[in-house]
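Here's the structure, in structure tokens; my notes come after.
The values are calculated or read from the model by the stated rules, or taken from the named source; none is laboratory data. What you see is a predicted model; the values in this text were computed from it and never measured. Using ideal geometry, Cβ is built from the backbone for each residue, glycine included, and neighbour counts are taken over all protein chains shown.
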Amino acid sequence: MVNNDTSQVGTFLGLVVKKGSYTLSADIVPQASLLQSLCVYGDAQNQVGIGIRPGEIELWQIKAGTRQVLKTQLLPVGTPSVTLQVRSQKGQFYEFGWRTETGDYQPIADEPLNGSFLPRWDRAPRFGIGLNGKGQGRSRVRALTIHYDES
């Protein structure tokens with residue numbers, strides 16, 4: 001996937017959610033000058049996600065058109081790839097976390113993020129990969145998986 005948009009929204013490739021409770025994971029290779037995110041996209045003005053850039057993981061949201069970084073965590077130097085994860089509960093509460101190939105899952109926030117601000121009325125939120133950066137950049141996603149909860 002290629003980033004052609006330098007706005008705060010960037011470029012997004014997503015799928016429609018079939019159930020409200022799921023776990024979405026993506027194995028991503030950090031790229032210079034590019035934030036690669038696993039995100040839940042309501043519309044261009046309302047999104048939440050967890051992103052990776054070299055040396056850093058970032059939890060962010062765009063709410064009513066305003067982008068805000070909610071939390072960051074440093075990545076070990078030279079990390080070749082990271083698995084980002086979003087756990088959705090009932091299509092409203094989102095837990096974000098990550099792990100390296102040899103590490104354990106690490107939540108980035110202490111509590112689930114309330115995504116009730118994501119639009120629902122005429123379109124379902126989508127989940128997928130978002131890219132944001134200055135200028136053009138190519139994402140390196142090695143795998144994307146979703147598991148819907150049975151309940």
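Within segment 127-147, can one find any residue that is closer than 16 Å to Ile28 by Cα, touching a Lys or Arg at 6+ places or on another chain (Cβ under 8 Å) and of a type in the set (S, T, N, Q)? Checked against the condition, which is being closer than 16 Å to Ile28 by Cα, touching a Lys or Arg at 6+ places or on another chain (Cβ under 8 Å) and of a type in the set (S, T, N, Q), segment 127-147 yields no hits at all. Count of segment 78-129 residues, restricted to those that are over 18 Å from Lys19 (Cα atoms) and of a type in the set (Asp, Glu), is 4. Could you check, for segment 36-50, whether at least one of its residues is surrounded by fewer than 20 Cβ atoms within 10 Å (Cβ to Cβ), more than 16 Å from Phe12 (Cα to Cα) and touching a residue at least 24 places away in the same chain (Cβ under 8 Å)? Within segment 36-50, not a single residue is surrounded by fewer than 20 Cβ atoms within 10 Å (Cβ to Cβ), more than 16 Å from Phe12 (Cα to Cα) and touching a residue at least 24 places away in the same chain (Cβ under 8 Å).
Which of the residues spanning segment 107-124 are part of a loop (DSSP other than H, G, I, E, B) and surrounded by 10 or more Cβ atoms within 10 Å (Cβ to Cβ)? Don't jump to the end; show me each part of the working.
Step one: filter segment 107-124 for residues part of a loop (DSSP other than H, G, I, E, B), giving 108-112, 115-124.
Selection gives Ile108, Ala109, Pro112, Gly115, Phe117, Leu118, Pro119, Arg120, Arg123, Ala124.
With the condition kept exactly as written, say whether any residue in segment 134-144 is modelled with pLDDT of 95 or more, exposed (fewer than 14 other Cβ atoms within 10 Å of the Cβ), of a type in the set (A, V, I, L, M) and under 16 Å from the mean Cα position of the chain (by Cα). There is no residue in segment 134-144 that is modelled with pLDDT of 95 or more, exposed (fewer than 14 other Cβ atoms within 10 Å of the Cβ), of a type in the set (A, V, I, L, M) and under 16 Å from the mean Cα position of the chain (by Cα). Checking Asp104 against (1) loosely packed, with under 14 Cβ neighbours inside 10 Å; (2) part of a strand (DSSP E or B); (3) modelled with pLDDT under 95: exactly one of these is not met. Which one? For Asp104, the exception is condition (2).
Give Gln85, Gln61, Gln68 a once-over and let me know the one that is free of Cβ contacts under 8 Å to residues at least 40 places away in the same chain and assigned to a strand (DSSP E or B). Full working, then the answer.
On the way: Gln85 fails: free of Cβ contacts under 8 Å to residues at least 40 places away in the same chain; Gln61 fails: free of Cβ contacts under 8 Å to residues at least 40 places away in the same chain.
Answer to the selection: Gln68.
Applying the condition of being of a type in the set (Val, Ile, Thr) and closer than 15 Å to Leu38 by Cα to segment 71-91 and asking which residue is surrounded by the fewest Cβ atoms within 10 Å (Cβ to Cβ) yields Thr72.
Taken as a whole, the structure leaves Thr79 outside the set of residues that are in a strand (DSSP E or B) and closer than 22 Å to Val29 by Cβ. For Gln68, the conditions (1) surrounded by 15 or more Cβ atoms within 10 Å (Cβ to Cβ); (2) modelled with pLDDT of 90 or more; (3) among the polar types (S, T, N, Q); (4) more than 13 Å from the chain's Cα centre (by Cα) are fulfilled apart from (1).
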